[in-house]
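> Please see the structure below; I have some questions.
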Amino acid sequence: MPPEEVSRDLQLADMVLLLGDQSRVWWRDLEGVFAGEEFYVSSLTEWSAISRGAFAPEQIIERWHSDDGPADIEFILDSQRCVLTHPNERDDFLNIAIISEINRLISDSGYHFAVCDNLGMPNWVVALRCEEEDSLRRDRGWSFLAL
């Protein structure tokens, strides 16, 4: 078996084992983002739960400009008001790119959200330190999206 297939097999096996650890792993279908569904509110709340204390948004509000978007996601983080935008470019899919914006907001914590490529579906998120991500890449063959 080629090394890249072994790495994929290790990553997939690790991911299956870790799915039950909802205190450290976020996994969810990315489809279902519609006005009134509060998908971002629940996602940010769930990311907070796995953030290892690095991301603790308060007063999360999802405000849609129209049924077709865009949507603004507002919250308070460390006493500052933050606004992220869901442009609704991918129809009803969560815009995973907002994680890069969140990572900028929490950069001083030493943690960042890493999105595993999950065999082409970016719906598996963990909070890691850089050395932890490097170790998973090196020792377990994991791959992550470039955010």
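Each value in this text was obtained by applying a stated rule to the coordinates, not by laboratory testing. What you see is a predicted model, and the numbers here were worked out from it, not measured in a lab. Cβ: placed from backbone, ideal geometry, glycine included. Neighbour counts: every protein chain shown.
> Just check the range 22-126 against the gyration tensor rule for me: Cα atoms, a ≥ b ≥ c as the square roots of the eigenvalues, rounded for a/c under 1.5, and otherwise prolate or oblate depending on whether a/b exceeds b/c.
Cα axes put the range 22-126 in the oblate bin.
> Net charge near GLU74: determine it from the other residues with C-beta under 10 Å of the C-beta of GLU74, scoring Lys and Arg +1 and Asp and Glu -1.
Once positives and negatives cancel, what remains is 0.
> What FRET efficiency do you get for GLU131 and GLN22 if R0 is 22 Å and r is their Cβ-Cβ distance, rounded to the nearest 0.05?
Working from the Cβ atoms, E equals 0.40.
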